[in-house]
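Some notes on the structure that comes next.
The values are calculated or read from the model by the stated rules, or taken from the named source; none is laboratory data. These numbers were taken from a predicted model, which means no experiment stands behind them. Cβ placement follows ideal geometry from the backbone for every residue including glycine, while neighbour counts extend to all protein chains displayed. Accessible surface areas use protein heavy atoms only, side chains included; no ligands, DNA or RNA. Shrake-Rupley method; radii C 1.70, N 1.55, O 1.52, S 1.80 Å.
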Amino acid sequence: MFNHIARRPRRRDPIQVFVALVAAVFFIPACGPLDEEDSPKSGGPLVANFDQDKTSGAPGVTVQFSDTSSGDVTEYSWDFGSLGTSNERNPLVQFDELGSYSVSLTVSGPAGRSTVDKPDLISVSPGVIADMMCAPTSGYAPLEVTCTDASENADSWAWDFGDGGFSTEQNPVHIFTGDGPFSVELTASGPSGSDTQGSTINARLLEILGGTTGSAPFVATFTPDTKGLPGDIAIWVIDGTSITVEPDEAVEYPFKRPGTYTVKLSVLTLTTPLFFGEREIEVVVGWGEASAKFFPSVSGGSGPLTVQLIDDSEGALETWHWVFGDGDSCVFPKDPDAPTDPPPPPTCTSASPFHTYQAVGSYDVKLTVTGPAADPTDEPISSETSGGDHVRVFIVDPSFEGQTANTPIDGGPLDVGWEHLRPSGAVAPADHLALSEADDADSEAEGADIGMPSDGTKWAVLDGLGTDGSSPVEGTENGIRQVFMHPPGSPVLELDYALLYNESPASPSLDAVVTTVSDGTTTIEIPSSRATPATPYAGQSLRYPTRDDSIVRTTPRLTASINLAKAFETSTSLTRFTLTIRTANGENDLRSPRAYVDNIRFSAPVADLPVGFRVATDPIIAGRGTEFIDESCPDVDEENDACLAAVSWLWDFGTHTLQSPPTSSGSGEQSPTYVFPESGSFDVRLIARLSDAEGTAKRLKLTVLEEPLAVFEVVSPEPHLVDTYIEFADDSTSDFRDPIASWNWDFGGWDSSSLQAPLPIKFLQIGDFVVSLTITTESGATSTATIPISILLVAPPEPEGG
């Protein structure tokens, strides 16, 4: 605040004025010039004027005013409105309040007075406060960052991103392409001034460290440099191969051929905040010596076995020569200059050809590759690799899926991998065929049969026709045969089979099917493969009609197995065995037995097979379904702590020797429901199999009760008239071991009774009613009988002549 000083004019003495003038003329020049700041300007007319160093600012801004008046000035009078006045020549004024301020200056001198007014000269407005927010603040370059202005009282912005980039936008987007960190500054300006705010953006370049040159074959090591940024996984793509590792984990990659390869690294997070970085480099691989290497896509299996021999050779390669070990070979690529005598090997389709092995065996594959030397003037380099036992074919077409089935109508011949055995001097030929579950439009018996197929859509059928029953089946040359090997670690041979026969279940017929295995010295029968008419049967064949109107019974699908390592102790996985499956007839050419075979396979041994079952139906009544529940637990799945089921179940319900053979005497289901045809005491047995393990459970003397039968009669003679008593009599029967315990009569709604011999009942209305009797035995078995009864008003007239 300035003090306003009022001055009054005064008279000057004329003598004093004269003395002053004389002094000015004679003495002042001798003293030198006056200081410009303190000396009034002289000469010319008196004109007031001034300058200021600023015209705007925030509260508290100070303004330096400078006098620029002309003429002889002796006095200054400044007027700053509400801030007051000042008599200084060049005052410094502080403005603390918001608003506009007018300033005037009046100068006085011998020549008079002059005033200059500058209205609204000084503007005091709110101060500028720079503020900003950039996101993201960290990540891999190129990193796109959005910066948002949050300044106050600003109307212009100047961004400096610290990487040579600038912007005057209020909310710019900037891409950091270099390796930081970078200091970002915002200078915000407004009428009252400017302010600066800074931030740091940690944009980093993902780097790949490692050699980028080499000579094939060589293994390159690549190490990521993530600059300390977070990441969850790193994905490397090298020559089209994707490798996922930890973000800071180095990777190795073999370069086997010369050329230029792209190596790309991506590092990313899987959670918020998300980071993603990529870097790509090129690796130049030069010449290297040819080195033959390969591996088979499949090392073993059932034939015909198609295998791809995958070339894994290294170096600069020009030719590949494959020898497959079974007499076939091929060369890639075709050599147009190759001699034609002798003919060159066939041309492979690629450097990694496919080849099909048709026969059982162990095959040694040989690969020879050639390629140029590093010095083109040198001889080409050749490399060869071979070895034993590259590919094994264990057995050919074990599930008969490669056979032609249902053509002709009775089936197609087994012509893939299997040898046919025919009985010498046979009256009729025994045809061993392949069948399919597909419908055969020309056959009355279509589709699959009981339990078959068990793998795929086809299975084999062996015909016993032509054998005469004079020799046991194991001595009859009638069936199929094949040489096989077992896979390493899986010495158990398994197969599924069933016997179809026409003979009575109780007959002493020689109808049978049996399987043997031989190592060339010793022949062993697989005990679990023998089935005869004494074997429990599951029902009638669905596919084969009878030849002489007899029933063709079929055993359930059974499983046979043998542990070859135990049976032939000196054998190995390279030992060749002969598998023979035979069937024979029981002295009747019209009643040829057949055997079904499918799903010959190999498995690992099983140590133990505990078997058990329970009867879920009580009481057991003849003619009604009885539920049997398998409770075997041959192995335990440790991960899920659960039982693993056996591969086959053979139930024998003990009924195949009854005088009237039932529809079935056994089952191959895991938990079947069986109908006993008559009452009695039966021995039930369950045999379960898994690999080479077999377990048996028995339930001896299972009591099957005769079915209770509710029977009653209306004792009172007809006609039955309304409002008369009618008498009923019980004639029900039950098994002597399970007597009737209760009777429940319902007389059409007119009355009821729990007596065996109920009192006579009176019907009080005419109409048709149903009388029922339900009996319940001591075991809880029930039976119900009903009789309709008509109640008349009067007796009908007797017919004439009656």
Cα-centred dipole magnitude for the chain, charges only on beta-carbon of K, R (+1) and D, E (-1), debye, nearest 20: 2160
Per residue accessible area in Å² of the chain, where ligands, DNA and RNA are left out and the probe is 1.4 Å: 50
Nitroxide proxy distance, nm - points 7 Å out along Cα→Cβ at residue 168 and residue 742: 10.5
Modelled FRET efficiency - R0 22 Å, residue 338 with residue 379, Cβ distances, 0.05 increments: 0.75
For the stretch 294-347, average projected area of the Cα convex hull in nm²: 4.8
FRET efficiency estimate (nearest 0.05) - Cβ-Cβ, residue 660 to residue 774, R0 51 angstrom: 0.95
Per-pair calculated FRET efficiency, R0 = 51 Å: residue 280 and residue 329 via Cβ, rounded to 0.05: 0.75
Extension reserve of the residue 550-residue 755 stretch, reckoned as 0.36 nm per residue once the Cα distance is removed: 68.8 nm
Where chymotrypsin sites (Phe, Trp or Tyr not before Pro) fall in DSSP loop in the stretch 668-772, at most 14 other Cβ within 10 Å: 736
Carbon and sulfur %, accessible surface of the chain computed with the full protein complex present, 1.4 Å: 51
Three-way shape call for the stretch 254-344 based on the alpha-carbon gyration tensor, with the a/c threshold at 1.5: oblate
Nearest 10 degrees, 0 to 90: helix 14-26 Cα axis against the chain principal axis: 70
Estimated D of the stretch 755-802 in µm² per second, where Rh is the Kirkwood radius over Cα pairs and Stokes-Einstein applies at 37 °C, 0.692 mPa s: 233
The chain, helix-only ellipticity at 222 nm - DSSP H runs n ≥ 4, -39,500 (n - 2.57), divided by all residues, nearest 500: -500 deg cm²/dmol
Two-site label geometry, residue 252 and residue 87: point separation in nm, points 7 Å out along Cα→Cβ: 9.8
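Sort 463, 683 from largest to smallest accessible area, using a 1.4 Å probe on the heavy atoms of the protein chains.
Greatest to least solvent exposure: 683, 463.
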Sparse-neighbour loop sites [GluC sites (Glu not before Pro); the stretch 108-196; at most 14 other C-beta within 10 Å; DSSP]: 169
About the Cα centre, charge dipole magnitude for the stretch 90-207 (Lys/Arg +1, Asp/Glu -1 at Cβ), debye: 480
Contour excess over end-to-end distance, with Cα ends at residue 614 and residue 237 and 0.36 nm allotted per residue: 129.7 nm
Filtered GluC sites (Glu not before Pro), the stretch 444-500: DSSP coil and at most 10 other beta carbons within 10 Å: 444
Ranked order, 257, 582 - accessible area, probe 1.4 Å, largest first: 257, 582
Per-residue SASA entry for residue 355, accessible area with 1.4 Å probe, Å² rounded to 10: 20
Ratio Rg/Rh [Cα only; Rh per Kirkwood] for the stretch 517-612: 1.04
Antiparallel %, DSSP beta bridges [both residues in the chain], to 5: 95
Kirkwood Rh in Å, taken over all unlike Cα pairs in the chain: 40.1
Linear extension gain, residue 135 paired with residue 765, 0.36 nm per residue minus alpha-carbon span: 217.1 nm
